[in-house]
Amino acid sequence: MNILVAISRVPDTTTKILVGSNGRNIDTNNVKFILNPYDEFALEEAIQLKEKNGGKVIAITVGPAQAQETLRSALAMGADEAVHCKIESEFDSNTVAVNIADYAKRMNPDIIFMGKQSIDFDSLQLPSLLSEHLNLPLATIVTKLTIEGTSVKAEREIEGGKELVETSLPCIISAQKGLNDPRYPKLPDIMKAKKKPIEEIEATTSDLFVEVVGMELPSKTRLNKMFGSEDADINEVVRLLHEEAKVI
Amino acid sequence: MKTIFAYLDSVNGTIKRTAFEIATAAAKLKAEKGSEVFAIAVNADNSIAEQVKEYGIENFINIKSDLLAKFSSQATAEAIFQAAQEKGADVFLFPATSAGLELAPRISAKMKAGYIADVIDFKFDGDTMLIKKPVYAGKAIITNKINTEVKVLSLRPNVFTAVKNPAGSVNFVDFTPNLNNENVKAFVSNTFKNEGKLDVKEADIIVSGGRGMKDADQFGIIEDLAGTLGAAVGASRAVVDAGWRPHGEQVGQTGKTVSPTLYIACGISGAIQHLAGMSTSKFILAVNKDKDAPIFKVSDFGIVGDLFDVVPKLNEGIKKIKG
């Protein structure tokens, strides 16, 4: 089974976001970048499938030079090969989709995985874009995956419940937390990952479909009223919620 | 911006609440740009036309196909695309729901159009549409422009308040798309509702527990308080990772982003990744024994004390006013 996993490089979840000097991006000083957390579930599922069925797992990302660190993380988890689609100019999701789709057309994977969303722009659009570009069926936000022969059953999370999506290989799956427990790379894995190959290809650039023109931090002033835990305090909080805030 | 397609999410022929928000946003575009608005639904009940008329919709396209009896985003997007070709649609509005978030990018790919997801506001600077969306789970907000002539947006639910503005009459048309089995290679074969449990995304009030709960068994007091308030139960990443609560309840950057009218955080210290998911709540009440916990900085009301003592007392106090 040949498996392609699309991954991305994002700021760590503990990052305090500040606006950079251009007013359009985040200030990346002192920001630690990590492998997108949802991509870990995608990689784990891919690696487990490979361990069961044979074949190989290729991780791919589109981005500047630093993206190679993220590919090394994927290799340390257990991906066999990595592809770095290099781009230094500004790019949007369409460019990412076009480049990953181009690679997938050459590789012809049995299944393509990715995290349900990148925790930077939170748009959840890449899985659907790839499905369109490759004309492959798709299940998104998947928490349980069963593959028998070429038949695929995927449980996906929806508002207030779950859906069962039925499809067949080849297909695209976007992973939600709960799909599996991603493995933690051990030191020897990290050392081995340094020797695994990273193929470099130049990304095809295209006109930007969308552009960021500004970035701001949300501002909300809070009442910051503090209380102890005496009965009188609690009664007063209940009264404020009821009479002042009118939320209960 | 001549022709707007407004997609109405429907379940078993009945439209969801987000449909009225989409209709209202479409009406706003129409008022500003004089666009013609078409509401689109799939295999919908005819009564929907009357409902959306209340929100200013004058044209309603009901896409009818047996192949769409089971939801397939691939087939639905193809059907919408075909209708769009016929009507010359150049703006598409979807709800940012589990269905809309699959359909909108598909339409953007088919139309070779720019797409902004999870939009919370849009306005015009001359002819330029400036579109705002949260990023980094709400830690920042970006303003975008779409460079292509055709524009696709998905709108965050509960942000675009539905406003009634009745239209005179509704022009109701059925549209039969040209679909085949190739379009439904993936389809929804079954749906499971979380019985009796309110989802944090849909709740007006959320009562969340964090590491301070100490144990999965202790969540009874959270569930009791949530029961009294008709609230959903939420959880921090720490307790979900510990296996105390299901992932569906996780609030934060790797869980759900919520904005209820009241968020009650119990035993949650307030890690940045949690705050990102709930800081747009209208009011926040925090209960924590550590007076220096970061959660208090973003709270309207803070109670410093032992949550095992405070939460049941809160419950009793609220029961009294609820009579």
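Nothing in this text is a laboratory measurement; each read-out follows from the coordinates by a stated rule. Remember, it's a predicted structure, so these values are computed and weren't measured experimentally. Using ideal geometry, Cβ is built from the backbone for each residue, glycine included, and neighbour counts are taken over all protein chains shown.
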Relative packing of peptides A:232-244, B:222-234, B:101-113 - highest average C-beta neighbours within 10 Å first: B:101-113, B:222-234, A:232-244
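What does the net charge come to around residue A:36 if you take all other residues with beta carbon closer than 14 Å to its beta carbon, with K and R at +1 and D and E at -1?
On the way: positive: A:9, A:32, A:116, A:177; negative: A:12, A:39, A:40, A:44, A:69, A:120, A:122.
Charge balance in the 14 Å sphere: -3.
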So, with +1 on the Cβ of K and R and -1 on the Cβ of D and E, and no other charges, what is the size of the charge dipole of the range B:3-184 about its Cα centre, to the nearest 20 debye? 560
To the nearest 10 degrees, how steep is helix B:18-33 against the longest Cα principal axis of chain B, on a 0 to 90 scale? 60
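Expected output is a single nm value to one decimal: the length gained when fully extending between residue A:225 and residue A:202, i.e. 0.36 nm times separation in residues minus the C-alpha distance. What is it? Intermediate results must be reported in sequence, preceding the final value.
On the way: separation 23, 0.36 × 23 = 8.28 nm, distance 5.56 nm.
Gain in length upon complete extension: 2.7 nm.
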Over all residues in A:229-237, what is the mean tally of Cβ atoms on other chains that come within 10 Å of each residue's Cβ? 6
Any idea how far the Cα center of the range B:61-130 sits from the one of the range B:174-233, in Å? 25
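Please state the charge dipole magnitude for the range A:69-132, taken about the Cα centre, from unit charges on C-beta atoms (+1 on K and R, -1 on D and E), reported in debye and rounded to the nearest 20. Could you put the intermediate results ahead of the total?
On the way: 5 positive and 11 negative charges, 38 e Å.
It works out to roughly 180 debye.
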Residues other than residue A:165 with Cβ under 14 Å of its Cβ, Lys/Arg counted +1 and Asp/Glu -1, net out at +2
Of A:26-33, A:176-183, ordering from highest average Cβ density within 10 Å down gives A:176-183, A:26-33
Counting Lys and Arg as +1 and Asp and Glu as -1, each charge on the Cβ, what is the dipole of the range A:2-202 about the Cα centre in debye, to the nearest 20? 580
Within the range A:126-151: backbone nitrogen closer than 16 Å to the residue B:70 label point (7 Å, Cα to C-beta): A:137-140, A:146-148, A:150-151
When the charge dipole of chain A is computed with +1 at the Cβ of Lys and Arg and -1 at the Cβ of Asp and Glu, the Cα pointing farthest to the positive end, of A:49, A:38, A:167, is that of A:49
If one compares the long axis through the Cα atoms of helix B:100-111 with the longest principal axis of the Cα atoms of chain B, the angle in degrees, nearest 10, works out at 40
At 0.36 nm per residue, and after removing the present C-alpha to C-alpha distance, how many nm does the segment from residue B:282 to residue B:306 gain when stretched out fully? 6.2 nm
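Taking only the Cα atoms of the range B:61-190, how large is their convex hull per residue, in Å³? Intermediate results must be reported in sequence, preceding the final value.
On the way: hull volume 20.1 nm³, N = 130.
Here the figure is 154 Å³ per residue.
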Which residues qualify? For residue B:56, with a placed amide H closer than 5 Å and at least 5 residues away or on another chain, they are B:165, B:167
Along Cα→Cβ, 7 Å out, is where each label goes; now give me the distance between the ones at residue B:45 and residue B:189 in nm to one decimal. 2.9
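Arrange the following residues from fewest to most other Cβ atoms within 10 Å of their Cβ: A:215, B:1, B:213.
Final ranking by Cβ density, sparse to dense: B:1, A:215, B:213.
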Just checking the output field for B:247-255: average partner chain Cβ neighbours within 10 Å of each residue's Cβ? 4
Hey, what number do you get for chain B at 222 nm if only DSSP H runs of n ≥ 4 count, each worth -39500 (n - 2.57), divided across all residues, to the nearest 500? -8000 deg cm²/dmol
Just grab the label-to-label distance for residue B:54 and residue A:243, each label 7 Å out from Cα along the Cβ direction, in nm (one decimal). 3.5
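Could you compute the FRET efficiency for residue B:214 and residue B:130, with r as their C-beta to C-beta distance and R0 at 56 Å, rounded to 0.05?
Once rounded, the FRET efficiency stands at 0.75.
Order these by the 10 Å Cβ neighbour count, fewest first: B:71, B:308.
Working: B:71 23, B:308 16.
Ranking B:71, B:308 by Cβ neighbours within 10 Å, fewest first, gives B:308, B:71.
Please arrange A:85, B:266 by how many other C-beta atoms lie within 10 Å of their C-beta, fewest to most.
On the way: A:85 24, B:266 28.
The fewest-first ordering by Cβ neighbours comes to A:85, B:266.
Within a 10 angstrom radius of each residue's Cβ in A:101-107, how many Cβ atoms of other chains show up on average? Whole number is fine.
Working: counts 1, 0, 0, 0, 0, 0, 0.
Mean partner shielding for this stretch: 0.
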Please determine, in degrees from 0 to 90 and to the nearest 10, the orientation of helix B:220-229 with respect to the longest principal axis defined by the Cα atoms of chain B, where the helix direction is its Cα long axis. 50
In nm, the gap between the two label points placed 7 Å beyond Cα toward Cβ at residue A:144 and residue A:19 is 4.6
Calc'd 3J(HN,Hα), the range B:287-294, phi into Karplus 6.51 cos²θ - 1.76 cosθ + 1.60 (θ = phi - 60°), Hz, glycine/Pro = x, comes to 10, 7, 7, 9, 5, 9, 4, x
So what's the gap between the Cα centers of the range A:180-248 and the range B:275-307, to the nearest angstrom? 16
Listed by chain and number, the residues whose amide H is under 5 Å from that of residue B:283, excluding neighbours fewer than 5 places away on the same chain and using placed H, are B:262, B:263
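Say R0 is 45 Å: what FRET efficiency, to the nearest 0.05, do residue B:297 and residue A:108 get from their beta-carbon distance? Please report the intermediate quantities before stating the final value.
Working: r = 52 Å, r/R0 = 1.16.
So, using R0 = 45 Å, E works out to roughly 0.30.
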